[in-house]
Amino acid sequence: MALLRIRHYPDPVLKKVAAQVTEFDDSLHQLAHDMAETMYAAPGVGLAAPQVGISKRLTVIDCSARDEDAQLLVMVNPEVIDQEGECFEEEGCLSVPEYYAKVSRSATVKVRFQDLDEKTHVIEAQGLTSVACQHEIDHLDGILFVDHLSPLKRSIFRKKWKKIQEHLTEQM
Ligand code: K1U
Ligand code: ZN
């Protein structure tokens, strides 16, 4: 088990479209375990492989409450196959620390994915799990939640990000 280094905006790996996973080998299992450990330690409710510098279509999500048992979802090659409604909730991103903004998303999504043993599943997600699925699949397509902001809000974000980066550098 290992904690992985989370890449921050504007690392170029976050802008790449990640490759389909074709090898369901021990190294994929190890990566998924390390990503889950990194997500829980952050803490976060999701993490996509590009955020740890690996441009592959793999993501982990756990939106269970603190007082509930863990409900870890490991999704390989996930894709949204159906979506309904709209929601507008505040999001954060482990690759854009200390910045939060409301983003428009589908309210519910149907997601098809493979597990670590190559078996295909389809889940229907709502609430935070739906938002997390969309946020993580965006990461696999090189899209960050700030890319969904209006041009005005994005220019405000860029100015704020300079200050956040200075603050993060001071902390190191
Ligand atoms: O992919 C990521 O950067 C992780 C990100 C995902 C996400 C955030 C908000 C809505 C949907 C998906 C995070 O987990 S940011 C941290 C966070 O939201 C959180 C942390 C601790 C407890 C609860 C939430
Ligand atoms: Zn993110």
(message) Restricting to Cα pairs below 8 Å that are 6+ residues apart, what does the relative contact order work out to for the chain? Please round to a whole percent.
(response) 22
(request) For Asp25 paired with Val13, estimate the spin-label separation in nm (one decimal), with each label point 7 Å from Cα along the Cα-to-Cβ line. (result) 1.9
(request) Please give the length that would be gained between Ala107 and Lys162 if that part of the chain were fully extended, namely 0.36 nm times their separation in residues minus their C-alpha to C-alpha distance (nm, one decimal). (result) 16.6 nm
(request) Rounded, prolate or oblate: pick one for region 12-171, where a ≥ b ≥ c are the square roots of the eigenvalues of its C-alpha gyration tensor, a/c under 1.5 means rounded, and failing that, prolate if a/b is larger than b/c, else oblate. (result) prolate
(request) For region 46-145, calculate the relative contact order in percent as a whole number, restricting contacts to Cα pairs under 8 Å that are 6 or more residues apart. (result) 28
(request) Any chance you could give the angle, 0 to 90 degrees and rounded to 10, that helix 26-41 forms with the longest Cα principal axis of the chain? (result) 40
(message) As I understand it, the value is the acute angle between the Cα axis of helix 127-140 and the longest principal axis of the Cα atoms of the chain; what does it come to in degrees, rounded to 10?
(response) 80
(message) Output the 0 to 90 degree angle, nearest 10, between the alpha-carbon long axis of helix 151-171 and the longest principal axis computed from the alpha carbons of the chain.
(response) 90
(request) Would you mind working out the magnitude of the charge dipole of the chain relative to its Cα centre, with +1 at each Lys and Arg C-beta and -1 at each Asp and Glu C-beta, to the nearest 20 Debye? (result) 1080
(request) Quickly estimate the mean residue ellipticity at 222 nm for the chain, helices only: each DSSP H run with n ≥ 4 gives -39500 (n - 2.57), and the total goes over all residues, rounded to 500. (result) -10000 deg cm²/dmol
(request) Just need the relative contact order of region 103-172 here, percent rounded to a whole number, with Cα pairs under 8 Å and 6+ apart. (result) 24
(request) Select from Glu136, Glu89, Glu23 the residue whose mean-square fluctuation is largest in a Gaussian network model of the chain (Cα-Cα springs shorter than 10 Å). (result) Glu23
(request) Please give the FRET efficiency for Tyr40 paired with Ser155, using the beta carbon to beta carbon distance and R0 = 25 Å, rounded to the nearest 0.05. (result) 0.15
(message) What do you get for trypsin sites (Lys or Arg not before Pro) in region 94-135 restricted to DSSP loop and a cutoff of at most 15 other Cβ within 10 Å of the site's Cβ?
(response) Lys119
(request) Kindly flag which residue pairs out of Lys56/Lys162; Lys110/Lys153; Lys16/Lys159; Lys102/Lys160; Lys15/Lys119; Lys15/Lys159 have an alpha-carbon separation exceeding 26 Å in this structure. (result) Lys56/Lys162; Lys110/Lys153; Lys15/Lys119
(request) Could you work out how far the C-alpha centroid of region 3-82 sits from that of region 106-127, in angstrom? (result) 14
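Values quoted throughout were computed directly from the atomic coordinates according to the rules given, and no laboratory measurement underlies them. Please read all numbers here as calculations on a predicted model, not as lab measurements. Cβ atoms come from the backbone with ideal geometry, glycine included; neighbour counts cover every protein chain shown.
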